[in-house]
Amino acid sequence: MLRWFDVSGRHDLPWQHPRTPYRVWLSEIMLQQTQVKTAAPYFERFVAALPSLPTLAAAPQDQVLALWSGLGYYARARNLHATAQRCVELHGGELPRDLDALTALPGIGRSTAAAILSQAWGDRHAILDGNVKRVLSRYHGVTGYPGLPAVEKQLWALAERSVSSPQLPAARMADYTQAQMDLGATLCTRADPACVLCPLQDDCVARREGRVAELPTPKPGKVAPQRYAQVLWLIDAQDRVLLQRRPPAGIWASLWTLPQADDAQLAQHWFDGHVRGDFAGAEALAPIAHAFSHYKLELQPLRWRGIAPHDAVRDNDELRWVARAELSALGIPAPIRKLLERND
């Protein structure tokens, strides 16, 4: 693995130069549910604005969410912010060099903690992210969906065994951790793996038994439910848009978005309670389809121009009139930001 990594591994990822605990941690959180090519420009923008853990801890949440906007799975950003604040409070403004202390922090699980320790400090810890689960499932011929506790336990045992080998130099733990992730990301891919180039091909059970396509065992199929909602795009005489902050829990938690209602009746009720105008005069725009991990959402945008709020409705913690030039400073869900950037 190390010989393969020296020649074919990824050595120029932005978080590798320099490879500090803060940069490794940030990259590991970004790479949860996100591919390297997508995460890399977000990482560079993030560290340019918030170059250290203390600066992240001191930043307002809106800035953190704005820097994250477009990456999705926004709980990662909120946990990142909370962890930075916890580290300032409990660990002198640094990430702790301890597995248990790391996993006690928001958003850091066992594999992420191990990846931080092995890459930032070279400590001997096993990781088990999605790429490593796929490699181990194929190499050892492990059947069963890796998300099942019994299967995951088996994979953890195999991962731990690999890093405990005396043949693995202690000085190269960071490289070995990266090699495992790189192998899964570049060769042992989910579809069309390049087995002929794999350094493990001679001993791979899945390749030997012709089971590469069936391992790892897929997650049992389940049809995602479809939901519908209406979003109210309200523009005042100064060309400002009315945004509403989402609740601190749930989908798009704490982000700024357009007011949303489950149906037309609820949309009109919200409209009548907050602004003056003709609800029936809305301009209906093309629906927006957006998929979450556990359901699909279709949003029907309704747009009004020249809208004025009721006298009692003013900017507050939940509602804000925002000029177009100010949108980039707020955390806004990607489909809503794309909608707001339309020029028609």
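Residues checked against (1) in contact (Cβ under 8 Å) with a residue 24 or more places away in the chain; (2) in contact with a strand residue (DSSP E or B) (Cβ under 7 Å, 6 or more places away or on another chain); (3) open to solvent by less than 20 Å² (accessible area, probe 1.4 Å):
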site	(1), (2), (3)
Ala185	yes, no, no
Ala213	no, no, no
Pro216	yes, no, no
Ala289	no, yes, no
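Looking at the stretch 161-173, which of its residues are surrounded by 14 or more Cβ atoms within 10 Å (Cβ to Cβ) and either modelled with pLDDT of 95 or more or in a helix (DSSP H, G or I) (or both)?
Ser162, Val163, Arg172, Met173
Would you be able to tell me the number of residues in the stretch 233-253 that are part of a loop (DSSP other than H, G, I, E, B), in contact with a strand residue (DSSP E or B) (Cβ under 9 Å, 6 or more places away or on another chain) and open to solvent by 50 Å² or more (accessible area, probe 1.4 Å)?
4
Kindly provide the set of residues from the stretch 44-75 that are open to solvent by 20 Å² or more (accessible area, probe 1.4 Å), over 24 Å from Glu94 (Cβ atoms) and either touching a Cys at 6+ places or on another chain (Cβ under 6 Å) or assigned to a helix (DSSP H, G or I) (or both), ordered by number.
The answer is Asp62, and nothing else.
Cβ-Cβ distance below 6 Å, separation of 6 or more or different chains: which pairs start in the stretch 292-304 with a residue that is among the hydroxyl-bearing types (Ser, Thr, Tyr) and end on one that is open to solvent by 70 Å² or more (accessible area, probe 1.4 Å) and modelled with pLDDT of 90 or more?
Once the first residue is among the hydroxyl-bearing types (Ser, Thr, Tyr) and sits in the stretch 292-304, its partners that are open to solvent by 70 Å² or more (accessible area, probe 1.4 Å) and modelled with pLDDT of 90 or more give Tyr295/Arg227.
If a residue has to be within 21 Å of the chain's Cα centre (by Cα) and more than 15 Å from Gln32 (Cβ to Cβ) to count, how many in the stretch 121-132 make the cut?
Qualifying residue count, the stretch 121-132: 0.
State which residue pairs qualify: first residue under 16 Å from Ala150 (Cα atoms) and inside the stretch 128-140, second residue of a type in the set (D, E, K, R) and not in a helix (DSSP H, G or I) in any location, beta carbons under 7 Å apart, and separation of 6 or more residues or different chains.
Qualifying pairs under 7 Å: Arg134/Arg190.
Which pairs do you get when a residue that is in contact (Cβ under 8 Å) with a residue 12 or more places away in the chain, found in the stretch 254-281, comes within reach of a residue that is among the β-branched types (Val, Ile, Thr) and surrounded by fewer than 17 Cβ atoms within 10 Å (Cβ to Cβ), reach meaning Cβ atoms under 9 angstrom, with the pair 6+ apart or on two chains?
Gly273/Val313; His274/Val313; Val275/Val313
With the condition kept exactly as written, say whether any residue in the stretch 315-326 is over 28 Å from Gln33 (Cα atoms), in contact with a Leu (Cβ under 7 Å, 6 or more places away or on another chain) and among the β-branched types (Val, Ile, Thr).
Narrowing the stretch 315-326 to residues over 28 Å from Gln33 (Cα atoms): 315-326.
Okay, now just the ones that are also in contact with a Leu (Cβ under 7 Å, 6 or more places away or on another chain), so 319-322.
Cutting the leftovers down to among the β-branched types (Val, Ile, Thr) gives us 322.
Yes, some residue in the stretch 315-326 is over 28 Å from Gln33 (Cα atoms), in contact with a Leu (Cβ under 7 Å, 6 or more places away or on another chain) and among the β-branched types (Val, Ile, Thr).
Just for strands (runs of 3 or more DSSP E) wholly inside the stretch 254-343: which have at least 1 residues that are among the aromatic types (Phe, Trp, Tyr) and closer than 13 Å to Leu243 by Cα? First the steps, then the outcome.
Values: elements: 288-291, 296-304, 319-322.
Output list reads 319-322.
Give just the number: which of (1) on the phi < 0 side of the Ramachandran plot; (2) in contact (Cβ under 8 Å) with a residue 60 or more places away in the chain; (3) within 18 Å of the chain's Cα centre (by Cα) does Gly147 not satisfy?
(3)
The values are calculated or read from the model by the stated rules, or taken from the named source; none is laboratory data. If you're wondering where the values come from, they're calculated on a predicted model, not measured in any experiment. Because the Cβ atoms are built from the backbone with ideal geometry, glycine has one as well, and the counts that use them run over all protein chains shown. Surface accessibility is based on the protein's heavy atoms, side chains included, excluding ligands, DNA and RNA. Shrake-Rupley method; radii C 1.70, N 1.55, O 1.52, S 1.80 Å.
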